[in-house]
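Student: Take this structure first; my questions come after.
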Amino acid sequence: MWQLIFQLLIIFTIRQVLAFSPEFEFYDEMISVPELNLNLFFDDCDGANMIFESQTPVIGSNFIYESKMTCLNLENREISGLSSEAFDALPNLEHVNLRNNKLTKEKFLSRGKHENLKILVLDKAIRGGYRNLTGFSGYLKVLELKGYFPKMERLYLRNNSIAVISTIHGKAVFPNLTHLYLNNNELTNESPYFDRSFSWLPKSLKEIHFENNDIDYLGLGEFHNLEWISVDNNRITFITVWNLPKLKYFSGINNNISWISDFSDSPELQILNLANNRIRHLNHIHRMLSIELLILDNNFFHSIPKIELIPKIKTLSMRCNEIRSLVSWDFISMSSLKRLHLDNNRIKFVNKKSFENLINLEILTIEQNKLTHLLPGWMVHLKSLRELNLKGNSLLNIKALGLSNHFTPNLRIWLESSFKKETNYRFILPNNVTLNLDTESAVRICKKDHSKVIHGFDWTEHKW
């Protein structure tokens, strides 16, 4: 048990450092929070040296009698069947790892029950369970949940090609589940014959991982413990969330999102990542008062959203949009902002007062835009600025940068190597300003098409 506590403490500490440290560089990547190290956790479990007579063993009823066993590791054992009573003779069993097996007759989740099981790992383990639900030649894998696991906290079902989760109405299979991992499946809610709002999810959840599936709509509400939602790499077009009072993190990158609700019932939301979607407006952003990190890269914004009233925001990234100019009120009340990324837009003009209130801004990147000059004095109020990237614009000379002597020490500016032709640029620069003249400019490709379809069935023609 001490291993689990130790691992969770490490995860919490790393999460705090990555998500909220002002010194961490996010750039284009999603914040990646380490999960519980299952390999380390299950190394000391029983079962590693267990001998099965069959090459494709089936775990039947009461296959082991050991009242003191608390952890069982049966990873990579070619197991093809798992009885609903498989672990009945292990009353104190808390953690089971069945990763990477070949279950074609899985009955444990569908019909079984266990009073003390807390962690169950079935990643890449379920090979069977297909049912023809389409009326066509295609098949969907349906996972039926009818068992009862009152102490289950973490359930790992990654990489199983699961398309539909089916439960008995009104029955709580996992009443205390906190972490659900359904990444890398084929989950779909496109069918009108299944619940589009995932109402089968237990209200005890703290983290939901639906990355890399085939979900086209997300509606979640009344989860009072939920802190973490990740639905990256689906084909979601609309997102509706309500009454998630503890939500701190939401990520929906690489979807087709064009509309998202305002998170007004999530006063603790700190990280919102909606990169690589089809969003044009975010008019309700001013209601998200706790946001510290906002990533809107690769969307269709023509202007900066109304984020001037967000008091805690530290990082704003809007790379690869369609912004053409920066006006005086875009960042009017954002004194907390430390990083601003506006690369790969169409910015031609920056108002002299655009950055007037960004007294704590440390990093500003406007790479790959259409700037020909910047007005003198535009940087006067940027007292904390230490990095400025202007590569990939049409700035003709040093004077076009509009520099002044009102800088904090050690400002570094990135420009193309063509500025080396100005032999006297060192004498033009203000004190403590350094130019980095790169031989190449990093050109990012802004892709706008993220659509994918895993299940191309015509549900309207289905006959039951």
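Student: Just checking, how many residues over segment 302-317 are under 19 Å from ARG280 (Cα atoms) and touching a His at 6+ places or on another chain (Cβ under 8 Å)?
Tutor: We begin by selecting, within segment 302-317, every residue under 19 Å from ARG280 (Cα atoms); these are 302-308, 316-317.
Applying the additional criterion that residues be touching a His at 6+ places or on another chain (Cβ under 8 Å) yields 305-308, 316-317.
The qualifying residues number 6.
Student: Just checking, which of ASN183, ASN160 is surrounded by 18 or more Cβ atoms within 10 Å (Cβ to Cβ), at pLDDT below 95 and within 18 Å of LEU38 (Cβ to Cβ)?
Tutor: Answer to the check: ASN160.
Student: Kindly list the number of the only condition in (1) part of a strand (DSSP E or B); (2) buried (at least 22 other Cβ atoms within 10 Å of the Cβ); (3) in contact with a Phe, Trp or Tyr (Cβ under 9 Å, 6 or more places away or on another chain) that fails for LEU247.
Tutor: Tallying (1) part of a strand (DSSP E or B); (2) buried (at least 22 other Cβ atoms within 10 Å of the Cβ); (3) in contact with a Phe, Trp or Tyr (Cβ under 9 Å, 6 or more places away or on another chain), LEU247 fails exactly one: (1).
Student: Something else: Testing ASN351 on (1) out of contact with any helix residue (DSSP H, G or I) (no Cβ under 9 Å at 6 or more places or on another chain); (2) modelled with pLDDT of 90 or more; (3) surrounded by fewer than 22 Cβ atoms within 10 Å (Cβ to Cβ); (4) closer than 28 Å to GLU227 by Cβ, one condition comes back false. Which one is that?
Tutor: (4)
Student: Give segment 209-238 a look and list any residue that's in contact with a His (Cβ under 9 Å, 6 or more places away or on another chain), polar (S, T, N, Q) and part of a loop (DSSP other than H, G, I, E, B), or say none.
Tutor: Result: ASN233, single match.
Student: A further question follows. Would you check if there is a residue in segment 363-372 being crowded, with 16+ Cβ neighbours inside 10 Å, among the aliphatic types (A, V, I, L, M), in contact with a strand residue (DSSP E or B) (Cβ under 6 Å, 6 or more places away or on another chain) and under 17 Å from VAL327 (Cβ atoms)?
Tutor: Taking segment 363-372 as the starting set, the residues that turn out to be crowded, with 16+ Cβ neighbours inside 10 Å are 363-369, 371.
Applying the additional criterion that residues be among the aliphatic types (A, V, I, L, M) yields 363-364, 366, 371.
This time we only want the ones that are in contact with a strand residue (DSSP E or B) (Cβ under 6 Å, 6 or more places away or on another chain), so: 363-364.
Right, trim to under 17 Å from VAL327 (Cβ atoms) and you get 364.
Yes, that holds for at least one residue.
Student: Does at least one position in segment 147-156 carry a residue that is within 23 Å of HIS114 (Cα to Cα) and at pLDDT below 85?
Tutor: No, that holds for no residue.
Student: Tell me, please, whether a residue that is under 19 Å from ASP438 (Cβ atoms) and under 30 Å from the mean Cα position of the chain (by Cα) can be found in segment 350-362.
Tutor: No: zero hits.
Student: Okay, next question. Restricting to segment 239-274, count the residues that are touching a His at 6+ places or on another chain (Cβ under 6 Å) and closer than 15 Å to PHE210 by Cα.
Tutor: Going through segment 239-274 one residue at a time, the tally reaches 1.
The values are calculated or read from the model by the stated rules, or taken from the named source; none is laboratory data. Because the structure is a prediction, the values reported are computed rather than measured. All Cβ positions, even for glycine, are placed from backbone atoms using ideal geometry, and neighbour counts span all protein chains on display.
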